[in-house]
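Working notes, structure below.
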Amino acid sequence: MKVLILGATGLLGQALMREWSGDEVVGLGVDDVDIRNAEKVWEVIVKTRPEWIVLAAAYTDVDGCESNQELAFAVNRDGAVQVARAAKNAGAKLLFLSSDYVFDGTKTSPYEIGDNRNPQSVYGRSKAEAEIQLLEVIPTCCIVRTAWLFGTGGKCFPDTILKLAATRPLLDVVNDQRGCPTYSVDLARAIVQLCRKSAKGIVQVTNAGDCSWFEFAREIVKGTGLSTEVRPVSTQQMARPAPRPSYSVMSAKSLASYEIIMPTWQDALGRYLQERSG
Ligand SMILES: NC(=O)c1ccc[n+]([C@@H]2O[C@H](COP(=O)([O-])OP(=O)(O)OC[C@H]3O[C@@H](n4cnc5c(N)ncnc54)[C@H](OP(=O)(O)O)[C@@H]3O)[C@@H](O)[C@H]2O)c1
């Protein structure tokens, strides 16, 4: 199988490049191809002739998207649609990365794949609109919704907490947003399996279990042996430009239908801390 990964220099992209073995994998970053450039996108797809395209490229700065709406939609929606059109014309299968932020967070039980999208942020809207338009271009495309991604090789929540904990005695972390942390390595492994199983439609992929950012931070600090105190605060106390869903736990049923079971986020965090220190 030949695979083209777009966004190969990102957090997930790097994990995909490391974890994918046994197939011919070509990974490209924004310097190789900007997904806003339709001609260039077509050129690389014709040149690489992939069976699968994994579209991990995105403008992922959730707060930045609020002040750069045009860029958010140009990359996350229009760029993705351009890749989908090219994939369709070249006869390639497409796996697109989407987000738990397509939901509004008003539910109190895990979001199912058929639940209404009602994004509250620009980033969430750009992903929700991409999902809808991609399914119109390629009804059989695979949309992988993930959340709270962490891993080595880029900025992520555990990395930030570890750096802050090393210099501060007290950290305030929000306790009224609940979601599912997801290790880039585990997500990459699931994506490889989904492609091998010719997955179609929306599939929700996160590590198992859920927590608040405060609970996540407490576990991160516990794993280091540092004495930093982690204090729960409310979203209101930590105002940020983009609204976040207060609850974005996603059901694992769609993933289980491919017989893929994810490890717990605590297990994943332990492996991340080992990888980071090694
Ligand atoms: N991070 C999360 O918590 C999270 C949660 C849910 C869903 N997701 C989704 O999962 C996917 C992977 O996320 P990630 O955390 O790995 O993202 P990331 O680390 O920010 O990487 C994004 C990748 O996209 C590339 N890129 C940015 N703009 C581009 C453009 N115009 N054309 C081509 N490439 C471009 C970046 O290149 P450079 O590195 O060179 O800029 C980088 O390779 C994204 O679709 C993201 O929206 C992420």
Meets criteria (within 8 Å of the ligand (Cβ to nearest atom), touching a residue at least 12 places away in the same chain (Cβ under 8 Å) and among the hydroxyl-bearing types (Ser, Thr, Tyr)) for Tyr101: yes
Just the residues that are farther than 16 Å from Ala242 by Cα and within 16 Å of the ligand (Cβ to nearest atom), please, taken from the stretch 111-124. Tyr111, Ile113, Arg117
Picking from Gln193, Gln236, the residue that is in contact with a Phe, Trp or Tyr (Cβ under 8 Å, 6 or more places away or on another chain) and open to solvent by 70 Å² or more (accessible area, probe 1.4 Å) would be Gln193
From the option list Ile35, Ile5, single residue qualifying as β-branched (Val, Ile, Thr) and within 8 Å of the ligand (Cβ to nearest atom) is Ile35
Neighbours by Cβ (under 8 Å, 6+ apart or cross-chain): first from the stretch 142-153, closer than 15 Å to Ser99 by Cβ; second of a type in the set (Asp, Glu) and more than 8 Å from the ligand (Cβ to nearest atom): Ile143/Glu131; Phe150/Asp159
Got a sec? Which of Lys93, Lys127, Lys107 is near the ligand (Cβ under 10 Å from one of its atoms) and touching a residue at least 24 places away in the same chain (Cβ under 8 Å)? Lys127
Here are the criteria: (1) more than 13 Å from the ligand (Cβ to nearest atom); (2) open to solvent by 30 Å² or more (accessible area, probe 1.4 Å); (3) over 26 Å from Gln69 (Cα atoms). Tell me which single one Met17 does not satisfy. (1)
Let me confirm something: among Ile5, Ile35, which residue is over 24 Å from Arg240 (Cα atoms), modelled with pLDDT of 95 or more and assigned to a strand (DSSP E or B)? Ile5
Output yes when any residue across the stretch 151-163 is among the aliphatic types (A, V, I, L, M), outside any helix (DSSP H, G or I) and more than 10 Å from the ligand (Cβ to nearest atom), and no when none is. no
Mind listing whichever residues of the stretch 51-74 are open to solvent by less than 10 Å² (accessible area, probe 1.4 Å) and part of a loop (DSSP other than H, G, I, E, B)? none
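The values are calculated or read from the model by the stated rules, or taken from the named source; none is laboratory data. The structure displayed is predicted, hence computed values, not measured ones. Backbone-built Cβ (ideal geometry, glycine too); neighbour counts: all protein chains shown. All accessible areas refer to the heavy atoms of the entire protein, side chains included, with ligands and DNA or RNA removed. Shrake-Rupley method; radii C 1.70, N 1.55, O 1.52, S 1.80 Å.
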